[in-house]
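See below for the structure under consideration.
The values are calculated or read from the model by the stated rules, or taken from the named source; none is laboratory data. What you see is a predicted model; the values in this text were computed from it and never measured. Cβ placement follows ideal geometry from the backbone for every residue including glycine, while neighbour counts extend to all protein chains displayed. Accessible surface is based on the protein model in full, side chains and every heavy atom, while ligands, DNA and RNA are left aside. Shrake-Rupley method; radii C 1.70, N 1.55, O 1.52, S 1.80 Å.
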Amino acid sequence: MMAPAVIQWAARRSGLDLESTPFSAFKGPGIGRTAVAMAVGELLAERMPFVPNRSESTVLLARAVSGGAAGAAMFKARRRSGLVGALVGAAAA
């Protein structure tokens, strides 16, 4: 969940142009608070003994989706292929 929080921060602070992309919602204040809360929750929760291991399939899938969305948003903002960005983001997650 850290990736969407970073994309939201970049969109609001550094002028990452998401307006002409399907990811323009990342710039909204509601998404920002939600993304930051989820990122902090992820950082705290992964330290708990009852949370599944990061290498379990469901956790990996959630991380891949989150990273894929962030990668696609970043690539689309730079006028590049969203599919390539999603693949890079998912692989990096």
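Summary table below
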| read-out | value |
| --- | --- |
| Cα-projected label distance for LEU43 with VAL84, points at 7 Å along beta-carbon direction, nm | 3.2 |
| Size of electric dipole in the chain: Cβ of Lys, Arg +1 and of Asp, Glu -1, about Cα centre, debye, nearest 20 | 280 |
| Carbon/sulfur fraction of accessible area - region 1-82, other protein chains in place, 1.4 Å, % | 64 |
| Listed residues GLY30, MET1, MET48: farthest to the positive end of the dipole of the chain (Cβ charges) | GLY30 |
| Using alpha-carbon coordinates, inclination of helix 57-77 to the longest axis of the chain, degrees | 20 |
| Selection from SER57, GLY67, THR21 lying farthest towards where the dipole of the chain points positive, charges on Cβ | THR21 |
| Solvent exposure of the chain as accessible area per residue, Å², 1.4 Å probe | 63 |
| Cα-based Rg of region 19-93 normalised by 2.2 N^0.38 Å, two decimals | 1.22 |
